[in-house]
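What follows is a short report on a single structure.
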Amino acid sequence: MKILIIQMKMIGDVLTSSILFEAIRSRYPDAELHYLIYKHTLPVVENNPFIDKYIIFDPDVQKSAKGLIKMIHIVKEEKYDVVIDVYSKINSAAITMRSGASEKISFKKWYTKNAYSKRYRPATKSETPAGLAIENRMLLLKGLGKSFPKALKPKIYLTQEEKDKAKQLLMVNGIDLQQPLYMIGILGSSESKSYPKPYMAMLLNYIVAQTKAQLIINYIPSQKDTVLEILELCEEETRAQINLAVYGKNLREFMALTSYCNAIIGNEGGAVNMAKALSIPSFSIFSPQIFKADWNLYEDGLKNVGVHLNDYRPELFIEKDKKDLRKEAYQWYWIFKPDFIYPDLKLFLDRNK
């Protein structure tokens, strides 16, 4: 049996959907399993032993009509028996519909209903600690049978060479691996998903005051000016504990560096999902526009903790839909003051020094 899984989305989505490969391999050990993903998300699933081949969708090329047609031909020539479309958008539906596969599996959406042979409605309430993002992906495997688990945990596969290089980078730059070290997710994927700069500075001050820990920052060079704006708002004692020279120059290096940290703390997003896949404790701040239940993967209130304004001011979210949340997110971020977060953060820090 030859199976293609499509997930043309962001890093966290691609990592989370990779659980399907482990689940399928456990039941069909001889199946040939391929993954169609965006080019820039490949590092997060590199070396995954359950994936036989990657089909790379380059949005700079294939988002045009001509490029999409070319991708459809590439997929059709592979002669898949099953296509599982986790992405479930117009372009992935077009690829699936013309794939030639006898089984075409995805979620129920009105605008793609003719593209698939089996469709499933996503759950709205989680049944396991894994969370909805995990459970709804596993739901799609009902199209292959009934014996699959409800949940699996995503995993990242680093090589020993990658880990050794990261360790050397940390030590050369003066990081003491015998002392607490935190990776800070200082920025979200966009401004509307980033905790306000003054508040983030206050949290960094609090972390250092409580732990005297060493901090390294998850950022890319193009974000450095924004990072420096936040650090300028920090106390001098806090800045002294931050080592800006250590950062992941690519995704694989970031993951290897994170593997040596006591925890990751900061904005919810792909970096937190990667840390969880490395079994690194996480403390994540959710944007008000995100439904926490959708992405609070394996949060137990101990090793993995997520905080959302709704946890403290639930009355603000009564009868609010996603459109309302997106429109009002940033103004609500300013309501989400660090004072709300400090008690939960202190408990987390005490457990993960």
Residues Met10 and Lys66, FRET efficiency given R0 of 25 Å [Cβ-Cβ distance, rounded to 0.05]: 0.55
Going by the alpha-carbon gyration tensor, a ≥ b ≥ c the square roots of its eigenvalues, is the range 38-100 rounded (a/c under 1.5) or, if a/c is not under 1.5, prolate (a/b greater than b/c) versus oblate? oblate
Between Ile51, Ile220, Ile156, find the one with the highest GNM mean-square fluctuation for the chain; connect C-alpha pairs within less than 10 Å. Ile220
Tell me the angle of helix 197-211 to the major Cα principal axis of the chain, expressed in degrees between 0 and 90 and rounded to the nearest ten. 70 degrees
Quick one: check the C-alpha center-to-center distance for the range 76-141 versus the range 299-315, whole angstrom. 30 Å
Per-residue [θ]222 nm for the chain (sum of -39500 (n - 2.57) over DSSP H runs n ≥ 4, rounded to 500): -11500 deg cm²/dmol
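Which of rounded, prolate or oblate describes the range 2-144 when judged by the alpha-carbon gyration tensor and an a/c cut-off of 1.5? All intermediate terms of the calculation are to be shown ahead of the outcome.
Numbers: a/c = 1.36, a/b = 1.21, b/c = 1.12.
Rounded shape, in that the Cα axes give a/c under 1.5.
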Rel. contact order, % - alpha carbon contacts under 8 angstrom, at least six apart, the range 160-351: 23 percent
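Where does the charge balance sit around Lys322 when Lys and Arg score +1, Asp and Glu -1, over other residues with C-beta under 13 Å from its C-beta? Don't skip to the answer; put the middle values down first.
Numbers: positive: Lys292, Lys320, Lys323, Arg326, Lys327; negative: Asp294, Glu319, Asp321, Asp324, Glu328.
My count for the surroundings of Lys322 gives 0.
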Just Lys150, Lys89, Lys320 to compare: in a GNM of the chain, with alpha carbon springs under 10 Å, which one fluctuates most? Lys320
Counting other Cβ atoms within 10 Å, which trypsin sites (Lys or Arg not before Pro) in the range 186-246 have at most 15 and lie in a DSSP loop? Lys212
Among Leu132, Leu140, Leu244, which one shows the highest mean-square fluctuation when the chain is modelled as a Gaussian network with alpha-carbon springs under 10 Å? Leu244
Run the reach check for Lys323 against lysines, Cα to Cα strictly under 17 Å, same-chain hits fewer than 8 apart removed. What comes back? Lys193, Lys292
Sparsely packed trypsin sites (Lys or Arg not before Pro) within the range 246-285, loop by DSSP, other Cβ within 10 Å at most 12: Lys249
Dividing the alpha-carbon radius of gyration of the chain by 2.2 N^0.38 Å, where N counts its residues, gives 1.03
Any chance you could give the angle, 0 to 90 degrees and rounded to 10, that helix 65-78 forms with the longest Cα principal axis of the chain? 70 degrees
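Highest first, please rank the peptides 74-82, 1-9, 180-188, 157-165 by the mean number of other Cβ atoms sitting within 10 Å of their residues. Please list the in-between numbers first.
Working: 74-82: 16.6, 1-9: 21.6, 180-188: 23.8, 157-165: 13.1.
Final packing ranking: 180-188, 1-9, 74-82, 157-165.
Values quoted throughout were computed directly from the atomic coordinates according to the rules given, and no laboratory measurement underlies them. From a predicted model like this one, the values you see are computed outputs, not experimental measurements. Because the Cβ atoms are built from the backbone with ideal geometry, glycine has one as well, and the counts that use them run over all protein chains shown.
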